[in-house]
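Step one of this worksheet: look at the structure below.
The values are calculated or read from the model by the stated rules, or taken from the named source; none is laboratory data. Owing to the predicted nature of the structure, the values given are computational and were not obtained by experimental measurement. For neighbour counting, all protein chains shown are included, and Cβ atoms are generated from backbone atoms with ideal geometry for every residue, glycine included. Note: accessible area is taken over every heavy atom of the protein model, side chains too, but ligands, DNA and RNA are not part of it. Shrake-Rupley method; radii C 1.70, N 1.55, O 1.52, S 1.80 Å.
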Amino acid sequence: MLFHGVNQPSTRFPSDPSRWPEGGRLRVHYGQRVLWLPLSEGGRHLSPTELSVYRNVGDVEIDKLLDLLEDDSGRPVQPGQDVLARVMDASSLPPKASGLEQALHAFHRKYTDIPSWADTEQLKRGQDVFSAYLPAIGLSLYYRSLVPGFSIPPLAQTLMCTGYMAPPATRDRVRARLMDTFAFLVLGLAETDALLPVSGKGWKACLQVRILHAKVRRTLMKRNGRRAWDVDSHGIPINEEDMAATLLAFSLNSLVGAEILLGFPLPEEERRDFLALWRYMGWLLGVRVEHDDNGSATSVPRALDPCGPGWLDERADSLEHSKACFESILIHVFKPDASSIEISHHLLRQGRSRDAQPKNAVSEENWFYFRSLQCRRFVGNSLADALDLPLNPNVWYRSRSWLYSTLLLLAMSVYTVAALPLSPLRTWIVSFHRKRLVAMSNGLVQGHEKRVEQHLAGDVKAETCRFAMLTK
């Protein structure tokens with residue numbers, strides 16, 4: 001079927017079980033067929049039991065750092081407190097340094113150098129992949145990653161607790177959050193020097209988002225009474241498994257989205273470069289890699305390293321490991337519930353009108369049906385049905401939506417082909433997208449900083465995340 005979300009060449013395997021590896025078996029999860037081969041039997045998949053421990057692992061380094069900051073000041077880290085500035089001031093270790101000063105210096109020393117396992121040229125090639133296939137990646141991030149991504153109930157619960165893009169957030173607030181996420185991507189991926197330590201805008205943005213996550217995690221964990229976070233059911237907020245799932249949604253899922261449009265995978269080198277880019281960005285965001293020593297945290301399990309080469313040293317392969325890691329996580333925690341439905345519908349209704357009560361209700365409803373169809377084509381019918389994504393009850397409008405959807409995806413497919421490495425248009429497309437992205441990012445960042453300042457000044461109308469950790 002044309003533009004089928006769960007039947008891609010890169011996910012297929014022989015239909016004859018006799019050709020499967022020994023111990024392999026078929027598992028189907030919301031329409032996605034998986035050839036399951038556990039790590040314990042020579043494969044790469046992790047069982048729910050093996051993954052469960054990661055639900056109690058946060059971000060050891062930054063959580064400890066915030067503990068020390070709070071102990072030092074005698075009060076919680078404040079919304080406008082620039083924690084990254086404290087880190088940058090710790091470039092040298094004073095005599096008789098306190099525990100806080102030692103921790104700040106250690107964090108500074110670790111993250112102001114490119115790690116030995118990261119290849120800067122490969123990172124630049126990964127950024128080219130993003131710029132080349134920007135339209136395809138953008139569609140995939142929205143319809144394949146963001147909207148259905150909250151079928152992981154703990155992630156959905158985090159949004160519900162913070163009001164971040166979830167009901168009752170207003171359209172303006174959701175739009176602002178989406179633009180902030182887009183600005184983060186642009187800061188890290190648009191310019192080739194964006195991820196250079198200290199000077200890179202993307203480098204700073206990754207660490208700022210990491211601090212933001214830590215602030216949210218602390219805030220939710222401190223709640224009590226009826227609003228208390230249910231650790232037994234969800235693990236700690238924004239844990240390592242959730243972060244790995246999010247990282248793979250931005251990396252691996254983007255590659256699959258391009259494959260849905262093309263009908264074949266992107267070149268292998270480009271896929272590896274893109275995963276390597278997100279591995280480095282994930283490391284900045286607090287997603288541990290195999291090379292991390294975890295300090296003294298001996299109880300912390302082995303790093304998932306979702307975009308890395310995997311745990312099989314003799315068969316190291318980032319493409320295979322990322323795919324198996326994503327499949328393992330989805331089978332473990334990907335279980336749409338009522339909150340998943342509520343959030344997905346809330347997101348799909350954004351973007352057409354800024355009015356809380358649109359004047360043309362019929363047009364708005366048809367827009368929702370069209371976007372539900374687009375999402376259905378990217379995730380498959382089984383998951384779409386679980387998220388209760390409706391088809392337009394009017395046969396004429398439904399047929400028209402399908403035609404518009406198909407024409408749009410065909411146009412996107414042709415444009416994606418034009419960006420492939422051997423295309424004479426490739427260089428122009430990368431340059432064109434990069435220039436537009438840089439121009440857009442400047443406006444988006446300025447708008448975000450203004451909203452943060454307004455919010456911290458007490459302007460309740462300012463549409464910004466109340467957990468913002470930085471203001472200029």
Worksheet item: Can we say LEU284 is within 22 Å of TYR142 (Cα to Cα) and out of contact with any His (no Cβ under 9 Å at 6 or more places or on another chain)?
Response: no
Practice prompt. Test PRO390 against the stated conditions and say whether it is touching a residue at least 12 places away in the same chain (Cβ under 8 Å) and not in a helix (DSSP H, G or I).
Written response: yes
Worksheet item: Of the residues in segment 107-135, how many are farther than 21 Å from PRO267 by Cβ and open to solvent by 40 Å² or more (accessible area, probe 1.4 Å)?
Response: 6
Discussion item. Can you pull out every residue in segment 415-430 that is open to solvent by 50 Å² or more (accessible area, probe 1.4 Å) and touching a residue at least 12 places away in the same chain (Cβ under 8 Å)?
Written reply: TYR415, VAL417, PRO421
Worksheet item: For ASP72, are the conditions met, namely being of a type in the set (Asp, Glu) and either surrounded by 16 or more Cβ atoms within 10 Å (Cβ to Cβ) or touching a strand residue (DSSP E or B) at 6+ places or on another chain (Cβ under 9 Å) (or both)?
Response: no
Discussion item. What's the number of the only condition in (1) within 21 Å of GLN122 (Cβ to Cβ); (2) assigned to a helix (DSSP H, G or I); (3) touching a Leu at 6+ places or on another chain (Cβ under 8 Å) that ILE329 fails to meet?
Written reply: (1)
Fill in: Lone qualifier among ARG226, ARG271, ARG279, ARG217 - being surrounded by fewer than 21 Cβ atoms within 10 Å (Cβ to Cβ), not in a loop (DSSP other than H, G, I, E, B) and not polar (S, T, N, Q)
ARG226
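Of the residues SER339, SER322, only one is under 27 Å from ALA384 (Cα atoms), polar (S, T, N, Q) and at pLDDT 95 or above; which?
Numbers: SER339 fails: at pLDDT 95 or above.
Every option except SER322 fails the conditions.
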Item to complete: Inspect segment 291-302 for any residue being farther than 18 Å from LEU134 by Cβ, assigned to a helix (DSSP H, G or I), in contact (Cβ under 8 Å) with a residue 40 or more places away in the chain and in contact with a helix residue (DSSP H, G or I) (Cβ under 7 Å, 6 or more places away or on another chain) and give the result as yes or no.
Response: no
Item to complete: Can you tell me which residue among LEU65, LEU46 is within 30 Å of GLY24 (Cα to Cα) and either without any contact (Cβ under 8 Å) to a residue 12 or more places away in the chain or crowded, with 16+ Cβ neighbours inside 10 Å (or both)?
Response: LEU46
Worksheet, complete the sentence: The condition of being over 27 Å from ALA176 (Cβ atoms) and either open to solvent by 60 Å² or more (accessible area, probe 1.4 Å) or at pLDDT 90 or above (or both) holds, among LEU387, LEU373, LEU407, only for LEU407
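Going by what's in this entry, would ASN239 be described as crowded, with 17+ Cβ neighbours inside 10 Å, within 30 Å of HIS4 (Cα to Cα) and either in contact with a Pro (Cβ under 8 Å, 6 or more places away or on another chain) or in contact (Cβ under 8 Å) with a residue 40 or more places away in the chain (or both)?
no
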Worksheet item: Quick one: is LEU178 open to solvent by less than 30 Å² (accessible area, probe 1.4 Å) and either more than 17 Å from the chain's Cα centre (by Cα) or not polar (S, T, N, Q) (or both)?
Response: no
